[in-house]
């Protein structure tokens, strides 16, 4: 519950959440850098979810259930020092450790049978770290995510 209250403590994030609850957020409103930042926090706490049609929905049940302490459980032991409270605190510099992290993230965040838009990939990565472009680029370079030539979609590479 502390995470929920902390997420709603920011006045701008609270206004954004209220607009989602009241269904007053237009698709263009979520494109600003500030809105994307706040949406990342709202997604990571479970306050907001994206519907299949791409619209946003406030999840009222989040206040009725106990959330797990770690959003991304089962972090491999080698990587535990890079996480705090379910969030990635830094991206490893060493390539081998970074690769292990990326394998963990792609396996945790992406379904192998589904394609994702760049926005969906960013949204998933934002649940663990703000630098979504670096995580996305590293995953593509390491062959863990396959990006279409035109950049229109991504999919997880088969192991």
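The values are calculated or read from the model by the stated rules, or taken from the named source; none is laboratory data. These numbers were taken from a predicted model, which means no experiment stands behind them. When we count neighbours, we look across all protein chains shown, and the Cβ atoms used for this are built from the backbone with ideal geometry, even at glycine.
Summary table
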quantity	calculated
Failed item in (1) farther than 11 Å from residue 128 by Cβ; (2) modelled with pLDDT under 80, with residue 72 passing the rest	(1)
Count - residues of the stretch 132-159 that are closer than 22 Å to residue 34 by Cα and buried (at least 18 other Cβ atoms within 10 Å of the Cβ)	3
Selection status of residue 109, modelled with pLDDT of 95 or more and buried (at least 18 other Cβ atoms within 10 Å of the Cβ)	no
Close pairs (6 angstrom Cβ cut-off, 6 or more residues apart or separate chains): touching a residue at least 12 places away in the same chain (Cβ under 8 Å) in the stretch 29-46, crowded, with 19+ Cβ neighbours inside 10 Å and not in a helix (DSSP H, G or I) anywhere	42/48; 43/127; 44/127
Helices (runs of 4 or more DSSP H) lying entirely in the stretch 1-63 (those with 3 or more residues that are modelled with pLDDT under 85 and surrounded by 13 or more Cβ atoms within 10 Å (Cβ to Cβ))	2-9, 33-45
Within the stretch 91-126, tally of residues that are over 23 Å from residue 158 (Cβ atoms) and in contact with a helix residue (DSSP H, G or I) (Cβ under 8 Å, 6 or more places away or on another chain)	4
Pair list, Cβ under 8 Å, 6 or more apart: the stretch 132-151 residue in the same structural domain as residue 102 (by TED's automatic domain parsing), other residue exposed (fewer than 15 other Cβ atoms within 10 Å of the Cβ) and assigned to a strand (DSSP E or B)	140/146
Residue 24 in contact (Cβ under 8 Å) with a residue 12 or more places away in the chain and not assigned by TED's automatic domain parsing to the domain that holds residue 145	no
Within the stretch 84-131, tally of residues that are touching a strand residue (DSSP E or B) at 6+ places or on another chain (Cβ under 7 Å), assigned to a helix (DSSP H, G or I) and farther than 25 Å from residue 35 by Cβ	1
